[in-house]
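Below is one structure, written out as C-alpha cells; the observations come after it.
Only the coordinates and a few stated rules stand behind these numbers; no lab work does. Being a predicted model, the structure only gives us computed values, none of them experimental. Every residue, glycine among them, receives a Cβ derived from its backbone with ideal geometry; neighbour counts consider all protein chains shown.
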Amino acid sequence: NSFKMKFAIIAGVCQMVLGVFCKLMNTIYFKDSVTMLFVFVPEIVFINSIFGYLCILILSKWTTNWDATYVLNNNEVVSIPQVYCDDTLSNTPCWTAPFVGDRALVNPYGSQLADLPEHMWCMGKGVATAGCAVFKTAAGQLIVESNTYGNRTLMDPDHYSASLCAKSAAGCVLWKQSPPS
C-alpha cells in the first residue's frame, strides 16, 4: 500500500544520507580535503535538495488532516465530522445523504435545504455529489457546502464575509479547502 511505499522511500533516503556521511568520515580520517569539497558537498546538497524535500513533503502529508478542514467565508475554519445529518439537522456540522439529485427529496430535512440558493448546494449543473457538508450558524441559519472551488466570484472574501453570514445565509459559502499541489 502507499504507506509502506512512502515509508520505504524515507528509509532509503536515510540510508543514502548515512552512507554519504560514512564517506565523510573516511575523507576526514585520510585528510582528503579535495574529496570532501568536490564529492561530499555536491552529494549531500543533491540528495537533500531532491530526496530530502520529498521526505519533508511525505511527512507533511501524513501529519495534515486534509479531509476535515473546511473554510467558512475564508475567515472561520470549521471541522466537519464524518457523520450523517440526523432527521432534524440538530447534529450539524454533518453530511447529507449521498447521491441525491433533488435536494427536496432528502427526507425529512430536504425542505430546509430546498430554499437555499443553487450555488450553496453541493451539486454542479444538476449532478449530485457524494454528500454535502451542512453547517448551522449560531442564529440557526443553514450553510451548505458549495462546489465553488476555482470560482473567484463565489470565493472572494470581499463578497462573502462573516458580516454577511450574520445577516443571511444567502451570502455564505462553505467550501472544501483544497490541499496544496
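Once you have the Cα-Cα distance between T64 and M36, take 0.36 nm times their residue separation minus that, and quote the gain in nm to one decimal.
6.3 nm
Between K23 and F7, the modelled labels are 2.9 nm apart [label points 7 Å from Cα along Cα→Cβ].
Compared with the alpha-carbon gap, the fully stretched path from S49 to V83 is longer by 8.1 nm at 0.36 nm per residue. Amide hydrogen proximity for C94: with H placed 1.01 Å from N in the peptide plane, the residues at 5 or more positions away or on another chain lying under 5 Å are V134.
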